[in-house]
1. I need A:Phe240, B:Phe152 ordered by Cβ neighbour count within 10 Å, fewest first.
2. Please list, in order along the range A:66-80, the HN-Hα scalar couplings obtained from phi with the Karplus expression 6.51 cos²θ - 1.76 cosθ + 1.60 (θ = phi - 60°), rounded to whole Hz, x for Gly and Pro.
3. Please list, in order along the range C:305-321, the HN-Hα scalar couplings obtained from phi with the Karplus expression 6.51 cos²θ - 1.76 cosθ + 1.60 (θ = phi - 60°), rounded to whole Hz, x for Gly and Pro.
4. Considering amide H positions built from the backbone, and no H for Pro or chain starts, which residues 5 or more places from C:Ala320, or on another chain, come under 5 Å of its amide H?
5. Rounded, prolate or oblate: which fits the range A:77-261 when a ≥ b ≥ c are the square roots of the eigenvalues of the alpha-carbon gyration tensor, with rounded for a/c under 1.5 and prolate only if a/b beats b/c?
6. Considering only A:Leu122, A:Trp77, A:Ala190, whose Cα is most displaced toward the positive end of the charge dipole of chain A, charges sitting on Cβ of Lys, Arg (+1) and Asp, Glu (-1)?
7. Taking H placed 1.01 Å from N in the peptide plane, check which residues at least 5 places from C:Leu92 or on another chain put their amide H under 5 Å from its amide H.
8. Rounded, prolate or oblate for the range B:44-91? Axes are the square roots of the Cα gyration tensor eigenvalues, ordered a ≥ b ≥ c, and the cut-off for rounded is a/c under 1.5.
Amino acid sequence: MGGGSSRIYRGNGVKLMLPSWLIIGSFLLLPVMMMAVYSFLTKEFRGGVIWEFSLAAYDQFFFDRGLFGDEPPKLEWTYIGIFWRSIWQAGLATIACLLIGFPTAWFIATRDPKSRSIWLFLVTIPYWVNLLIRTVSMKFLIRDTGPLNEFLMASGIISEPLGLINTNFAVQLGLFYSYLPFMVLPIYAAVERYDFALSEAAADLYAGTWTILRLVILPVVKPGIIAGCILVFVPSLGAFLAPDLLGGAKTFMIGSLIEEQFKGSAGNWPFGAAASMILLTIVMCVLLVYARSQNKGEAR
Amino acid sequence: MAAKLDLRRFPGFLAITILCLVVLYAPLAVVAVYSFNASTSITNWGGTSLTWYVDVFTGPEAPKFQKAALNSFVIAVCAASIATIIATAAAVAMTRAGRFRGKTLGFALINLPLMVPEVVTAVASLVFFSAIGFTTGLMTILVAHTVFCIPFAYLPIAARMQSIPDQYEQAAMDLYATPSEAFRLVLLPLMTPGVLSGFLLAFIISLDDFLITNFVKGAGIETLPTAIFGSVKQGIKPNIMAISTLMLGVSVVFVSLSWLIGRMGQDKKQAS
Amino acid sequence: MKKLLASTAVALLSLTAAAQAEGKLSIYHWFEYIPQTLLDKFAAEYDVEVTMDTFDSNEALLASLKAGKLGSYDVAVPGDYMVKIMNGEGMLDTFEPSELSNFGNIEKQWVDVAFDSGRKSSIPYQWGSTSYSVNRDVYTGPIDSLSVIFDPPAELKGKINVLDTAGETLTLASLYLGIPQCSADREQLKELNALVQKAKADWASFGSDVAKDVLVSGDAAAGMIWSGFSAKARAEGANIEYAFPKEGYIVWMDNVVLLKDAPNRDNALKFMNFLLEPENAAAVTNYAQYTAGVTGTAEFLDPEVANSPESNPPAGPKGAFVEACSEDVQVLYDAIWTNLKK
């Protein structure tokens, strides 16, 4: 790890951070704070808000009063369930990306410097094509009457279509496909920096493969892995293209639930804002824990 | 140990990489093949033809797509460049400047664009822009894109920086380098792979964005995703397949060129 | 590098400034609903620069106008009930019939409509119906009832696509049960809730934009669909038949409305008048395969479009417009929908 801090930049932290704080602060934090305020306002029918304080949005999220709103309140599982399912899906997608992305990044980073950039570009070139087109073409490929099934059936490997479309597996595949380079690039950047003389030295000192991995390599590539996981997990959490197009949109995900509040017939902006704030809080907590542990590591 | 351990050659990693590339390219290969289909329908093969490529350049919708592609490209380059510069400064601060006020919060702020669901960012930005009287147009798209590109540029750069010990710069300083020289001549070359992957990610992200762009863009201004979104969601059409294949082609040409130029530069260096 | 960025930024700014010039028309339209050639024709005829943005649902149109886009478009194309809602929200401008020389071309039945009596802010664009289509290679039984969707025969179980909008899907379900739209009756709503919950087990997917694609590709063997979409699917080779169920089906009409604070009100009216020309209305019909609410289009129509079974409902089954429910009732329907997709 970086260890102590370079004396060049000591004291200039705030100055260096200022541009990012300014632009994100004014063009995202302010709008988001506005949304936070919205979540405590009264909903206006068919979108918009009325400037009257109300906890109705949070009440709707956490308490179930029956279809007609006159039963005694009990804990509402609908939205918690939707959140849990999205977190689960995003988690699986992250693991899949890590399992495939790490070896790929490792492989690329250990090529000789000249061919590295070619491999790297090979991974990123498909992403010049729009995500929607990629998702639709994935659907086109794996559907029951699509080329994949036709090929497998013509070659006699299977006798019936695989039935991949509109399944959770298809959603996983879509998420994996959408966000893979977000895993590969940060890990690549970290591994590329790794000096293999270190592990050779460790091996000379009779360290086993596992020990080398854990004690010598992992600390170097860990930041890359964590960055990659964040970059895959968080967008997957709010993704709606893969669940909609590959999963058949049979159940709400966090992304589609929130979208429905702003763009659907419900038009319940305070509730959409409240759901966003709850999501934001969850993600923020995870990241703060991560940042804390980083700072502690530095202080050690 | 029987053989000397070589971590550079993990068995199976090549196979996984190939698998990875197959999954990435298979759908696009199908798209590329079908873009040469003469039939209007994507389900029937009507013979090989270049009809749809001609349509991309001369069809009734050609001016619209060309304008949209140009907008997309300009915005992606600008937003990714600005975001990368800002993110590099932030990464230097987070990994090199020790403790300072607001560091933890600042980290959260940088990652905020990642955490806010896209649709919320979209609605919030539009409501906010219209509240402060910022007329929607290309500028609003650029601002919004720069904001959400920053964390995508930041994370690879910071990951890279964390694995660079700061002794190199210390040594440079000890040898009387100015701080700017220490940055330009020592740190920057070391962190280049991180900066490059950060820029690439930001570029991809900007090129891809539909939802936020669709909300904050001014009337009548299209980027490629907004121009094709409706028709693609209905089911991909051959002219869209032709556009995608062209974009793939352009990116391959770009990449090969940059690689060739880079290699020529290297050869020169070695020769001199 | 900095210089390059700065000059690009300046160029971008000047581009946005140029967007305020004279002779413009800004349209907010459904995607894939007007041929580009027709827009070009208007642009050439009136020397107006036309730009168009697209939306994918009535609700999305309302949301983006509400969030701040009102004032940047001249005309939009909402469906029937949305015209009423937008009018209630004060988003529409009015015009006099005398301002449109072709006003008389509007078919009589579409002048005094419930959602805009006397056509003060809107003109008809296209109308059609929402029902379902069935792949005849898979299922050959009768398709005279909505039970094909809500209580499907064995051949179709697990092969049905339904529209991903609460309004249309729940309205068709209500028609099937024979309960009135926007009902607040508890027993009826419970029945409705139970029906869709049970039927969902037999549905493969929810999707509106993809409604045509799933039928053409065979991902679904039956699906709720709009009439013109079904005709297009048929033209693309799907062996499907569009149903006019005995319980009833949805009829809708999309309308060109004059938006409040339109930056180019004159051009907006020119465009609306242009669309009331029989030849131009027919061009839209030939493209979208719905029906224009304009007289005199017959001679310009492609025969297969004019005679398509989707656009010529048989006598008997009744079509119904979707109603805009009041707030306290709408909440109940939203709850049923959320419950369905939880």
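Throughout, read-outs are computed from the coordinates displayed, never taken from laboratory work. Predicted model only: the values in this text are computed from it and were never measured. Neighbour counts are summed over all protein chains in view; Cβ atoms, including those assigned to glycine, are modelled from backbone coordinates with ideal geometry.
1. If I rank by nearby Cβ atoms, fewest first, I get A:Phe240, B:Phe152.
2. Karplus-based 3J(HN,Hα) across the range A:66-80 equals x, 4, 9, x, 10, 8, x, x, 10, 4, 8, 8, 3, 6, 4 Hz.
3. Listing the rounded values in order: 6, 4, 9, 5, x, 5, 8, 10, x, x, 5, x, x, 9, x, 10, 6 Hz.
4. Amide H to amide H, under 5 Å and 5 or more residues apart or across chains, C:Ala320 pairs with C:Tyr249, C:Ile250, C:Val251.
5. Taking the square roots of the gyration eigenvalues as a ≥ b ≥ c, the range A:77-261 is prolate.
6. About the Cα centre, the residue reaching furthest to the positive side is A:Ala190.
7. Answer set, sorted by chain and number: C:Lys260.
8. prolate
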